[in-house]
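First up is the structure itself, then whatever we jot down about it.
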Amino acid sequence: MSVQAAATSTEVLYERAFQEHWPAVFKFLLAWTNDWAAAEDLAQEAFLRLWRNRERVDWSEPVLPWLLVAGRRLATDRFRALRRRVLGTPQPNSFDDRQRDRWLDVQAAMASLSSTERSAVVLNLIFGSSTAEVAELLDTTPGAVRAAIARAREKLEAAR
Amino acid sequence: MSSFRKGDDILNEWLAVADRATPPARAPRGSSSGTVFRYGFAAVVALLIVAAVIGPRVFTTTGPASSGSATATQSTTASGQPTASPSIQPTASPSTAPTPSEQPTPPATTAPPSATVTSGPIFTTNGVASDWKGFDWTTLPADSPLANLSSPGGTITVITWAHGYAFTALDGNTTDVWTSPDGIVWLPTLTAQDLLLAAGPSGLVAIATESTSTTTTVYTSADGTNWVSAGQPQGIGTISSIAGTKAGLVAVATVSSGTGKFATGQLQIAYSADGVSWTLEPGPNVAWDEYGPQVDAANGRFFLIGGSQIAAARSRTGIVLASSVQSTPEFWWSDDGRTWTSAGSRGPDDFVSQIQSARDGLLAWTTDRMIPGGGPGLDVSTDDGKTWTKDSNYGPLGQAPAITEGEGMGSTSPDGTIASNGSMFLALKNDGKAWTSYDGKKWTSITWGGPTSGPSDVVTVAMLPRGVIANSFDKDSGATSISYGAAR
């Protein structure tokens with residue numbers, strides 16, 4: 001395979017990854033941040049990192065875990081988090097008033113959960129990932145994930 | 001989503017809203033200035049102002065308390081730890097992540113089965129139990145029970161106890177407890193969807209938890225073969241980790257307090273002599289962060305690892321000006337499971353993630369949560385965890401080639417892998433050299449002769465009492481080969 005052909009190949013793979021995985025990456029980061037605009041930004045940045053590393057990524061492996069972990073690490077960057085807290089972030093522009101109100105209600109309910117609790121419960125109950133899988137993605141232990149899910153469900157019960 | 005409980009209506013609503021998200025028209029490429037600096041100069045100015053006004057004085061840490069004392073153990077960790085090379089691979093194993101194009105799938109709708117006592121296929125692992133010189137290798141057929149062992153979190157944790165050995169391993173969607181009286185003949189004796197296993201004063205204790213439920217059942221076994229259901233654990237909430245020694249059992253659990261809208265779940269440390277009746281304990285009096293603590297046991301001693309929260313920043317009037325969820329590492333030990341002593345102060349990002357044990361020493365793998373790639377480090381203790389020494393060379397392995405750009409830049413990683421079986425450590429360098437050690441400091445060269453990592457091959461090892469399981473994965477072809485090396 002020529003160098004040019006390899007470069008073209010990774011671009012195609014990258015484009016395919018974007019089309020396939022953006023919704024999952026966004027949802028995971030929305031769960032982690034509980035912040036629509038931040039999740040959009042972070043998903044964008046996660047894909048940018050993939051683009052920059054496209055020649056070194058092992059494309060024979062599923063790339064979604066790479067994107068989720070990269071996104072989580074970007075989201076936990078201290079200065080990035082502080083910046084968001086200082087300046088706030090806008091709500092989704094594409095929503096009409098009713099949709100925006102709906103999102104704000106859900107956001108308020110989910111705000112009682114920590115990032116780990118939100119992510120664990122979304123990955124486990126919505127994505128269907130096992131506690132072991134969630135633990136790998138969140139860089140923690142299956143036990144901690146079980147605890148986070150239990151806490152999250154208790155909080156959600158109370159928030160109804 | 002019909003299987004969600006009533007309280008999960010919020011999750012249904014969350015999913016309905018999240019599904020409305022639309023991806024950007026084009027996949028991002030090239031400069032990230034449009035997103036990274038979305039808030040531009042104003043953000044930098046605001047940060048500088050906040051930093052100047054708030055200053056370091058308002059960022060305070062919670063102060064840990066301490067105490068400590070007493071007995072002997074039996075549980076250990078074998079196998080995997082931070083992988084050797086991946087410069088840009090995230091720590092998550094690709095094979096375990098949600099599948100790419102998946103639509104969100106609902107959880108199982110049927111009530112999961114309770115744990116069952118089983119007597120499935122036996123496997124045998126021959127070899128000597130000490131003073132390993134090398135291995136006699138056998139490639140395992142795909143249908144061998146030994147070839148299909150995997151464990152939650154990717155490791156096999158061998159527990160050594162009065163009547164032999166035990167570990168848990170995944171089998172499809174369920175988890176099995178495998179027990180052996182001699183480390184040679186293994187039998188699956190208990191099956192449940194999710195199992196936590198420990199060896200306490202009276203024998204093995206298994207906490208069976210179904211992942212879609214908070215209901216747990218305690219099973220006990222005095223001989224490692226026959227299990228008895230002891231009902232639900234009393235005095236404790238949802239158990240997330242458990243460890244045992246001859247002194248008792250310690251668990252980390254989520255305990256509910258309050259009712260209705262005031263109900264909250266708190267992470268608590270609990271002690272039990274039998275695994276059924278639990279007493280909540282103050283533990284080391286630490287404000288654990290959202291990851292929560294994990295309890296482990298090695299060489300007769302309990303360990304609590306995790307992080308504690310740093311208080312939010314507040315002005316003199318009490319108004320929160322800015323807050324940042326930060327954690328500081330916590331590492332504690334206890335001999336009685338009730339009084340805890342700090343295992344020494346650690347750097348701000350030096351979190352212990354896993355403990356491995358051998359006859360005369362302990363290894364603690366550490367991670368820097370803020371460094372992409374984890375920045376794995378290794379600490380060694382030869383006084384059963386009271387004091388620790390950093391080993392930047394990762395025992396005999398040395399460091400893998402430095403990562404100079406991209407994810408993981410600036411971090412180091414071992415040039416191989418270290419496993420343990422509670423009796424000794426095994427270090428396998430990526431070039432095929434191997435060593436054993438009883439204390440983690442003095443290493444003896446042995447002959448490996450098994451599969452090794454290469455440009456396209458990744459080898460992981462799990463250590464059993466009388467040999468090793470080597471899993472060789474060819475990244476080019478996707479082929480997997482699993483071998484058992486009987487120690488000689």
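The values are calculated or read from the model by the stated rules, or taken from the named source; none is laboratory data. Note that the structure is predicted; figures quoted are calculated from it, not measured. Heads up, the Cβs are rebuilt from the backbone with ideal geometry, glycines too, and the neighbour counts pull from every protein chain shown. All accessible areas refer to the heavy atoms of the entire protein, side chains included, with ligands and DNA or RNA removed. Shrake-Rupley method; radii C 1.70, N 1.55, O 1.52, S 1.80 Å.
Note on the range A:133-160: among residues that are open to solvent by 40 Å² or more (accessible area, probe 1.4 Å) and in contact (Cβ under 8 Å) with a residue 60 or more places away in the chain, the one that is farthest from the other protein chains (Cβ to nearest Cβ) is A:Asp139.
One residue stands out in the range B:417-435 among those that are assigned to a loop (DSSP other than H, G, I, E, B) and of a type in the set (D, E, K, R): the one that is least open to solvent (accessible area, probe 1.4 Å), namely B:Asp431.
Within the range A:118-132, the residues that satisfy the criterion of being among the small types (Gly, Ala, Ser) and either within 12 Å of A:Pro65 (Cβ to Cβ) or touching a residue at least 40 places away in the same chain (Cβ under 8 Å) (or both) are A:Ser119, A:Ser129. Applying the selection to the range A:33-43, what residues are open to solvent by less than 10 Å² (accessible area, probe 1.4 Å) and either in contact (Cβ under 8 Å) with a residue 60 or more places away in the chain or among the aromatic types (Phe, Trp, Tyr) (or both)? Correct list: A:Trp36 only. Report yes if B:Gln309 is open to solvent by 10 Å² or more (accessible area, probe 1.4 Å), among the polar types (S, T, N, Q), modelled with pLDDT under 85 and closer than 26 Å to B:Thr279 by Cα, otherwise no. When the stated conditions are applied, B:Gln309 passes them. Quick one: B:Gly275 ticks every box in (1) surrounded by 22 or more Cβ atoms within 10 Å (Cβ to Cβ); (2) at pLDDT below 90 except a single one, so which number is it? All conditions pass for B:Gly275, except number (2).
Output the residue which, of all residues in the range A:66-82 that are open to solvent by less than 10 Å² (accessible area, probe 1.4 Å) and modelled with pLDDT under 80, is nearest to the other protein chains (Cβ to nearest Cβ). Going through the qualifying residues, I end up with A:Leu74.
The residues listed here are B:Phe351, B:Phe303; of these, the one that is at pLDDT 95 or above, open to solvent by less than 30 Å² (accessible area, probe 1.4 Å) and of a type in the set (A, V, I, L, M, F, W, C) is B:Phe303.
Listed residues A:Ser119, A:Ser112; which is open to solvent by 30 Å² or more (accessible area, probe 1.4 Å), closer than 18 Å to B:Gly292 by Cβ and more than 7 Å from chain B (Cβ to nearest Cβ)?
Only one candidate passes the filter, namely A:Ser112.
Flag set for B:Ala208, criterion: at pLDDT below 90, open to solvent by less than 10 Å² (accessible area, probe 1.4 Å) and either out of contact with any helix residue (DSSP H, G or I) (no Cβ under 6 Å at 6 or more places or on another chain) or outside any strand (DSSP E or B) (or both).
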